[in-house]
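One structure is given below, encoded as structure tokens.
Values quoted throughout were computed directly from the atomic coordinates according to the rules given, and no laboratory measurement underlies them. Note that the structure is a prediction, hence the values are computed from the model and not measured. Neighbour counts are summed over all protein chains in view; Cβ atoms, including those assigned to glycine, are modelled from backbone coordinates with ideal geometry.
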Amino acid sequence: MEPNMGQALAAVLILLVTTRVLWYLLWRPYVVARWFGRQGIRGPPYRFLVGSLPECQTMLVAGRAKALDTSSHDCIATVQPFFRKWASQYGKTFLYWLGPTPALCCTDMELVKQMFTDRTDVFQKEYLNPSLDSILGNGVIFANGDDWKRRRKFVHPAFNQETIKSMSTIAWECTQQAMERWCAQLQGRQQAEIDMRHDSDEIAMGVIAQVMLGKDHEEAREVFVAGREQMEIAAYAFADLPLPGFRYLPTRRNRRTWQLDKLVTSKISHILKARLASSVYEDDLLGQMLQLQACRSSAETLSTREMIGECRTLFAAGYETSASVITWAMFLLASYPRWQDMVREEVAREYPAHQLPPVDTLGKLKLLDMVLLETLRLYGPLTFLQRKTISDTILANTKVPKGTMISIPLLMLHRDKEVWGPDADEFNPMRFQSGVSRDTKLSRALLAFSYGPRVCAGQNFAMVEVQIVIATILRSFSFSLSPSYVHKPSNFVTLLPRYGLPLIVRNLQQLTG
């Protein structure tokens, strides 16, 4: 009797699991598609288990097959061709499928602004791609609700004016080191070729390591080296099926991800424990967070695991964003020599040679600021933003069910001719001549650092760093695109040139001397 009872229970359990799986993989997508269809929102049909991912991959491979002309800024063709195709077929808001997960892609600015300014925590951040968890850590960037508010109290004060001033000196020194390497290559020659993508990484990495750890910054080197490999793994993982438990399968990529994750966690944990044991917090970002930790009640503090997560977040996000902006700003200035000359004249006019531009007067570099804003519009670090609804909600008169991912394709929004004008596909820094903060329309449309309550806390930090780096380089060097450059913007978590950015550099002091 008992064996029969056990078999019956097992059969019931199998039936329940099978029913649940079929509901999730087959019936639910059908119901959700009908839900949106009745509201006039359509999209590519759902394919069992894989959703729209194979079609995305096919279009990506086709888009990467051809390099863009260097005068073309249409990186949608190489990064998000599927969004462009589906928007043309189904309208500004359409439904597609990340495996069995429904995703609403929206290029309607009113809907986007409503979501970013919402304060109900209905639209929450979620990795979706588990590989990002091991890169960015479970820090403030992806926290939600009260957990985000608690973490923000530790991270946001760290990006104060004093920290930014200290960072500016470090950024200037790291840029000087890069230029010294260029001078060594130029010995006896009028010009040399450098890979600006690599040098942007080195500069940004050096800056965030010293800002984070001060005198202990050399210990962060292994973290960054591992982080680079993790970024490459995550870039490929975007094509994986977003299925529950997929990250735990012992695939070759997952095993390598686990190894790197263990290495990074161990290294940061060692640094953190050494600081706590010494009781000397230092005046770097980590020291500031530890001081805040010591002043708060146990209910408000971060656990050791959470502190490690915040360090990982600051390490990765702190240099990837800056490195991407520096790279693309240099690309645009190399592509448009007239603007390069104009910005160089402005830098030379406002600041003496061989001196660090004072942070509080960087506002005088109007032309440089315009170029950087246009860089963020055309080649912002993030190509899309994503949120997930944790309950049924209404977004701009559209009823959105619980569990729906909402994708915001920044590349398309930043090229919307209704917002940016008929020259939206062209490089035109003059569109920002009045400044983005004074123009309400532009400030809400430029979403490179997000918008609303969850706007990036390190936005000013990153922009000052980039200003210092570019201004310092322009003072001493002119540069142009190398004939070997291949223009294929690609999404490596942040937007980067697929094959690096080879530039031909010339030392202006050597030429004039």
**OP:** Would you give the gap between the C-alpha center of region 39-93 and the C-alpha center of region 273-332, rounded to a whole Å?
**Re:** 36
Original post:
Restricting attention to region 271-342, which GluC sites (Glu not before Pro) occupy a DSSP loop and are surrounded by at most 16 other Cβ atoms within 10 Å?
Top reply: 282, 300
Original post:
Given H placed on each backbone N at 1.01 Å, which residues far from residue 93 in sequence or on other chains put an amide H within less than 5 Å of it?
Top reply: 107
**OP:** First select every other residue whose beta carbon is under 11 angstrom from the beta carbon of residue 397; then total the charges, Lys and Arg +1, Asp and Glu -1.
**Re:** -1
**OP:** DSSP loop (so not H, G, I, E, B), at most 15 other Cβ within 10 Å: list which trypsin sites (Lys or Arg not before Pro) in region 197-236 pass both filters.
**Re:** none
Original post:
Helix 2-22: angle to the longest alpha-carbon principal axis of the chain, degrees 0 to 90, nearest 10?
Top reply: 50
Subject >> Dipole axis of the chain (+1 Lys, Arg; -1 Asp, Glu on Cβ), positive-most option in 501, 214, 45 >> reply: 45
**OP:** Quick one: dipole size for the chain, taken about the Cα centre, charges +1 on Lys/Arg Cβ and -1 on Asp/Glu Cβ, in debye to the nearest 20.
**Re:** 1440
**OP:** Check the straight Cα-Cα distances from residue 85 and name the aspartates and glutamates below 13 Å, setting aside those fewer than 8 residues away within the same chain.
**Re:** 55
**OP:** Please give the helix 53-64 orientation as an angle from the longest Cα principal axis of the chain, in degrees from 0 to 90, rounded to the nearest 10.
**Re:** 20
Original post:
Just the Cα atoms of the chain, one point each, no solvent: what log10 I(q)/I(0) does Debye give at q = 0.10, 0.11 Å⁻¹?
Top reply: -0.84, -1.02
Subject >> Antiparallel content of DSSP bridges confined to the chain, in %, to 5 >> reply: 90
Original post:
What ranking do 493-500, 16-23, 259-266 get when scored by the average of other Cβ atoms within 10 Å per residue, highest first?
Top reply: 493-500, 259-266, 16-23
**OP:** About the Cα centre of region 359-456, how large is the charge dipole given +1 on each Lys and Arg Cβ and -1 on each Asp and Glu Cβ? Please answer in debye to the nearest 20.
**Re:** 380
Original post:
Which of 486, 281, 411 sits closest to the plus end of the dipole of the chain, meaning its Cα is farthest towards the positive end, when Lys and Arg get +1 and Asp and Glu get -1 on the C-beta?
Top reply: 411
Original post:
With respect to the cross-link table entries 149/388; 92/153; 66/92; 113/153, which display a Cα-Cα separation exceeding 30 Å?
Top reply: 92/153
Original post:
Could you give me the ³J(HN,Hα) list for region 260-268, computed from phi with Karplus coefficients 6.51, -1.76, 1.60 and θ = phi - 60°, whole Hz, x at Gly and Pro?
Top reply: 5, 4, 5, 4, 5, 4, 5, 5, 5
**OP:** List the GluC sites (Glu not before Pro) within region 370-431 that fall in a DSSP loop (any state other than H, G, I, E or B) and whose Cβ has at most 16 other Cβ atoms within 10 Å.
**Re:** 426
**OP:** Please report Rg over Rh for region 341-475, where both radii come from the alpha carbon positions and Rh follows the Kirkwood definition.
**Re:** 1.06
**OP:** Report, ordered by chain and residue number, the aspartates and glutamates lying within cross-link reach of residue 267, taken as a straight Cα distance under 19 Å and ignoring same-chain residues fewer than 8 apart.
**Re:** 133, 216, 218, 219, 222, 229, 282, 284, 306, 310
Original post:
Against the longest principal axis of the chain, how steep is helix 337-350, in degrees 0 to 90 to the nearest 10, with axes from Cα atoms?
Top reply: 60
